[in-house]
Amino acid sequence: MLNLPPGAEGVLPSQHLRDAVSSGVVDAGAFKIPESNIQPASIDLRLGEVAYRIRCSFLPDTDTVERKVKDYIIDELDLHKEGVVLETKRPYLIPLKEGLALPENVRGKTNPKSSTGRLDVFTRVITDGSYRFDEISAGYNGPLYLEVVPLSFAIRVREDLTLNQLRLAVGSPEVSDAELRGIQGVDPILYKDGEAVKPSELAVSNGMFLGLDLKGDEHGRVAYRARDHAPLLDLSAPRPLDRDPYWEPVTREDGDRIVLSPQKFYLLMSDEAVSIPPSLAAEMTAYDPTSGELRTHYAGFFDPGFGYDPAGEFRGSRAALEVRAHDVPFMIEHGQRVCKLTFERMLEPPEDLYGASIGSSYQRQEETLSKLFVPPADS
């Protein structure tokens, strides 16, 4: 259906994703998939017409989601018109408009969109007959469901809102640590202070680690912390929102460090800048240090072109990091490595690269807040 060459390996780029939509590999029935939902290496997935408030999360294993969820539904909510309010720390299951009919050699993976993670909205996709979240088996044919758990803010959602993305791949396109070092020497992926990091200085272990920026701006601001008891957050708000009711700034201590309060949600920035060339796709993997006291990032895709400028006018974009300490106060320091990027090869370079030309929101970012909020005047 996708006319992939024999022995093909790689993440499907935008032009192949369009083929996947036109051939029904990714299908929304009577609902046409907008062209704007096709990204350089992923497809935005839309909320359907209803949401189910459920009493617990679950996996279907050998059953279908539709059958299994019947035992857990507390209420059914209509996502038409004004949408509905999803309360904090309660799980909801929402059938997505898109479904899949994957070829036997094509598998899928889903992740929250960057804006979703920055709002501390925990999401993951569930498929029929699966014992894993977000991983979609090769040849899967069936519907997609999104589990949504707002953690810091009560949110309003509506039909057609996009909270997650789908990436399709064929073969084994994973990039090894040795390959990463080789690429860094030719087409740099990681920059620090505007200069390419030496390949020998990359911190790698089944992926590439990034450190924290805890020097911050001229005011010493290094992070934002989600406020308790914030107002309702409308994810379809027609204009940027005032950040102050939702976020409080965090300034560094002497020694370029801060103490994370247990169970609080923080937005920080990486010290290094990342440049994803057209030949690669990346993913920020959820990472727990061995100590178990810190979780950084709820995972997310980095598309080809993020931080990449063939003209050389800028060198990389810094990554926004979502961080939560677990049970005790936890000290973090400038440069501390707290997150990891893994890489896969693209099947071929995408026709559309991440960046301003396709309306990407976080190219050359120096601010961690979601695009939903008015940025600080001095950012």
Inset, instruction - Among the residues of the range 253-278, write down those that are more than 22 Å from the chain's Cα centre (by Cα) and surrounded by fewer than 16 Cβ atoms within 10 Å (Cβ to Cβ). - result: E253, D254, G255, R257, V259, S261, P262
Inset, instruction - Could you tell me whether the range 153-163 includes any residue that is within 30 Å of D256 (Cα to Cα) and not acidic (D, E)? - result: yes
Inset, instruction - Mind listing whichever residues of the range 299-331 are of a type outside the set (K, R), outside any strand (DSSP E or B) and surrounded by 14 or more Cβ atoms within 10 Å (Cβ to Cβ)? - result: A299, D303, P304, G305, F306, G307, Y308, D309, F314, G316, H326
Legend entry - Residue under evaluation G139, criteria (1) assigned to a strand (DSSP E or B); (2) within 16 Å of R167 (Cα to Cα); (3) touching a Lys or Arg at 6+ places or on another chain (Cβ under 9 Å), criterion not met: (1)
Inset, instruction - Quick one: count up the residues across the range 142-158 that are in contact with a Ser or Thr (Cβ under 6 Å, 6 or more places away or on another chain) and in a loop (DSSP other than H, G, I, E, B). - result: 2
Legend entry - Boolean, L233 is within 22 Å of the chain's Cα centre (by Cα), modelled with pLDDT under 95 and not assigned by TED's automatic domain parsing to the domain that holds V121: no
Legend entry - Search result, residues across the range 102-132 that are under 26 Å from S152 (Cα atoms) and part of a strand (DSSP E or B): K109, T110, N111, P112, V121, F122, T123, R124, V125, I126
Legend entry - Failed criterion for K198 (all others in (1) closer than 30 Å to E76 by Cβ; (2) at pLDDT 95 or above; (3) not small (G, A, S) hold): (1)
Inset, instruction - Among the residues of the range 286-341, write down those that are β-branched (V, I, T) and modelled with pLDDT of 85 or more. - result: V323, V328, I332, V338
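Every residue, every condition in (1) acidic (D, E); (2) touching a helix residue (DSSP H, G or I) at 6+ places or on another chain (Cβ under 8 Å); (3) on the phi > 0 side of the Ramachandran plot, yes or no:
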| site | (1), (2), (3) |
| --- | --- |
| P40 | no, yes, no |
| R46 | no, yes, no |
| Y52 | no, yes, no |
| E66 | yes, no, no |
| E87 | yes, no, no |
| P91 | no, no, no |
Inset, instruction - Identify all residues within the range 6-38 that are in contact with a Leu (Cβ under 9 Å, 6 or more places away or on another chain) and assigned to a loop (DSSP other than H, G, I, E, B); write none if there are none. - result: A8, E9, L12, P13, S23, V25, A28
Inset, instruction - Considering only the range 12-55, state which residues are more than 22 Å from R67 (Cα to Cα) and among the β-branched types (V, I, T). - result: V21, V25, V26, I33, I38, I43
Legend entry - Any chance V250 is exposed (fewer than 15 other Cβ atoms within 10 Å of the Cβ), part of a strand (DSSP E or B) and on the phi < 0 side of the Ramachandran plot: no
Inset, instruction - Considering only the range 167-180, state which residues are in a helix (DSSP H, G or I) and surrounded by fewer than 17 Cβ atoms within 10 Å (Cβ to Cβ). - result: D177, A178, E179
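The values are calculated or read from the model by the stated rules, or taken from the named source; none is laboratory data. Everything quoted here is computed from the prediction, not taken from an experiment. Positions of Cβ are backbone-derived with ideal geometry, glycine not excepted, and every protein chain shown enters the neighbour counts.
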